[in-house]
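Heads up, the thing below is written out as structure tokens.
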There are 2 protein chains.
Amino acid sequence: MTKTLEIRDLAIGDLARRTDTKVQTIRYYEEIGLLPPPTRTEGNQRVYGESSLRRLAFIRHARDLGFSIDAIRELLKLSDHPDLPCDDADGIARRHLDEVEDRITRLRALRKELKRMLAEHRDHGGRIADCKVIEVLSDHGLCKHAH
Amino acid sequence: MTKTLEIRDLAIGDLARRTDTKVQTIRYYEEIGLLPPPTRTEGNQRVYGESSLRRLAFIRHARDLGFSIDAIRELLKLSDHPDLPCDDADGIARRHLDEVEDRITRLRALRKELKRMLAEHRDHGGRIADCKVIEVLSDHGLCKHAH
DNA sequence: CTTGAAGCTCCAGTGGCTTCAGGTTCCATG
DNA sequence: CATGGAACCTGAAGCCACTGGAGCTTCAAG
């Protein structure tokens, strides 16, 4: 039950380093309302705490995984309003769960193919006989909007 | 051993529909060299075959999964040049495999959390008691560039 | 031979940053 | 306590990966 000591009073640059984000990107996220405006010092400089760090880390991971800003806004809404009317929250979570499942499936297929290529490569001493990356991710069965 | 009958002579609109892509996006991909310029009709209209269909479907899936155009260019290079010097191909494949593994890990974490939320939601009759989507994807251990 | 859908090129606009310019604040060192 | 360089500030322009619109041509069903 050791209470993790809180991280506080991070300058924008510290936050940037810890989340592998550009300083300007942080200011941009504030501008578009993804990050709440933090408190400022006397000299008007932004000061962040742990919650900003977590929130920003989440945003970066989600962006990196291909979620749009709007999708992220929705996911954050789940966090920000735990007492959201149930249908909304349920709908948002369910919709994103489907999308996540879908992405995992496609990434698995790509992973399998990349592994196969590396393995064959070793076996055949330096040549990729037949690369099927395209086949594997062009599979129509995996298309969201196909039928 | 039934030979799949080849799809040929698709107009740009057909290709767009089959890959859930905008017509303009297809032309844009041609412009930046992701798709080879197809043959044209007498009247100067683009005509595509099966390989374009596969290639474009691949590109779309990869973009959707958050790969950059440059990463996709590299993956396509594996397909386009099966006789690539081994170190190049191996490096490309290995690098992207690592990235793919990483993405799968993070998506799994997010999936787990979304599932948990939906389950608790059902149990508690309409309220999301504590939403941890942020915690789950802000985990520092999952950061590519953290240490 | 008409007519309307779909194609063509060129160019401007958008989302999500990124870079630049021209300043102000902070703080380690002399 | 003065100072100089790193880090901060705002505001605006630029860039990538599309997206949409204008104005025109081609195609194919009737």
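General remarks:
- Pairing residues of segment A:18-34 that are among the small types (Gly, Ala, Ser) with residues that are open to solvent by less than 90 Å² (accessible area, probe 1.4 Å) and part of a helix (DSSP H, G or I), at Cβ distances under 7 Å and at least 6 apart in sequence or on separate chains, gives no pairs at all.
- Condition check for A:Ala109: modelled with pLDDT of 80 or more and either more than 7 Å from every other protein chain (Cβ to nearest Cβ) or under 21 Å from B:Leu35 (Cβ atoms) (or both): yes
- When B:Leu53 is tested against (1) within 14 Å of DNA strand C (Cβ to nearest atom); (2) without any contact (Cβ under 8 Å) to a residue 12 or more places away in the chain, just one condition goes unmet, and that condition is (2).
- Identity of the residue in segment A:30-40, within 14 Å of chain B (Cβ to nearest Cβ) and more than 11 Å from DNA strand C (Cβ to nearest atom), that ends up farthest from A:Phe58 (Cα to Cα): A:Pro36
- For segment B:50-71, a residue qualifies if it is open to solvent by 50 Å² or more (accessible area, probe 1.4 Å) and either within 8 Å of DNA strand D (Cβ to nearest atom) or more than 7 Å from every other protein chain (Cβ to nearest Cβ) (or both), and the qualifying residues are B:Ser51, B:Arg60, B:Arg63, B:Ser68, B:Asp70.
- Residue among B:Arg18, B:Arg46, B:Arg27 that alone is within 13 Å of chain A (Cβ to nearest Cβ) and either within 12 Å of DNA strand C (Cβ to nearest atom) or over 30 Å from B:Asp98 (Cβ atoms) (or both): B:Arg18
The values are calculated or read from the model by the stated rules, or taken from the named source; none is laboratory data. Because the structure is a prediction, the values reported are computed rather than measured. Note: ideal-geometry Cβ built from the backbone for every residue, glycine included; neighbour counts use all protein chains shown. Keep in mind that these areas ignore ligands, DNA and RNA; they rest on the heavy atoms of the full protein, side chains included. Shrake-Rupley method; radii C 1.70, N 1.55, O 1.52, S 1.80 Å.
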